[in-house]
1. Can you work out D for the chain in µm² s⁻¹ from Stokes-Einstein, where Rh is the Kirkwood radius over C-alpha pairs, the temperature is 25 °C and the viscosity is 0.890 mPa s?
2. Name all residues of the range 292-319 having a backbone nitrogen under 13 Å from the label point set 7 Å from the Cα of residue 384 along its Cα→Cβ direction, giving them as ranges.
3. Pop the C-beta distance of residue 354 and residue 377 into the FRET formula with R0 = 25 Å and round what comes out to the nearest 0.05.
4. Can you give the Rg and Dmax of the range 58-143 based on its C-alpha atoms, in angstrom?
5. Taking the 0 to 90 degree range and rounding to the nearest ten, how far is the long axis of helix 376-387 tilted relative to the main principal axis of the chain, both from C-alpha atoms?
6. Give, in whole angstrom and from largest to smallest, the semi-axes √(5λ) of the equivalent ellipsoid of the range 269-363, with λ running over the eigenvalues of the Cα gyration tensor.
7. Checking the a/c ratio against 1.5 first, then a/b against b/c, what shape does the Cα gyration tensor give for the range 311-387?
8. Using alpha carbons only, how many degrees (0 to 90, rounded to 10) separate the axis of helix 352-369 from the longest principal axis of the chain?
């Protein structure tokens, strides 16, 4: 019979995976986790988790203490959750639970503090002489538009509003790139802003507030004057999470001076969104597993009910057959008694030969009814033995 292997998602923090791979060789660890050794090594490399080679274990077996490199701490721009779609052994599943208790995953606040320490204070360049590459593409495209024969009198990004918007985006993009993320721009007047980091993404807008609970994009033209207020808003994809998601120009603190907090906020919101999505996915998995377990329970209960009904029907059929056999035995005995009585006092108008033929016919019919001579008794005993109703001693 083929064994059914049920796979599920197994989660580790980078720290937990680090302690695992340095506790025993990758081949043995991968077998317990339910993945290939190549998959385990690939995940470690993708998440910057150092993994020992075979020489390390050879030295350990020889009694040596080879050096073990430290794990570079992750922050908000690191993919901190490592997921394996695998079928771990029950023993390993218990080991994973103990590992999570021994090395709890860092909180969002801890990751934010690590990022803040690594970045320091960020500043927004006052000009676009050395812009981020995503902003440089827009600046160069605008310059080419101005130089083209028959082009517009002014480019798309020449208004005071667009120039300031590009400067703010440039400061944010340089900070996100320094943190390790990838900022992208697309759409008309670069209205679509996206940040990719740690295996997930986050969308944002930088526009004049149009009322309501969030800023929204509205096309601007080259003659528009510089607005007094701009708002930078992160899209939480309708998920309720903690953390600041909007920054706006204040009287004494423009957005250009808030770039450090914005970059930290981008990382924090992205991390919280990622954790919320993982939480929801895990909740759905558990609910789905509970639903499957309930459906399996219903299936087994229904199968058991049908089995009991079948056994009851079979028992009733055997009882009905026994009662039928008993009735037939009585009828056979009555037929034989009837023949004997007729032969004792035969009618005068029937010849002896005809009476003899008739008696043989009636006795044959009686034998067909009698379970002892018809084979029904033998068949009934065999059925009872097969059903386990009786046993041979």
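1. 83
2. Flagged as within label range: 318-319.
3. According to the calculation, E is roughly 0.15.
4. Just the Cα atoms of the range 58-143 yield Rg and Dmax of 22.3, 67 Å.
5. 30
6. Equivalent-ellipsoid dimensions as semi-axes: 80, 10, 5 Å.
7. Here the range 311-387 falls in the prolate category.
8. 30
Just so you know, all these numbers are worked out from the coordinates, no wet-lab data involved. Note that the structure is a prediction, hence the values are computed from the model and not measured. All Cβ positions, glycine included, derive from the backbone under ideal geometry; neighbour counts span all protein chains shown.
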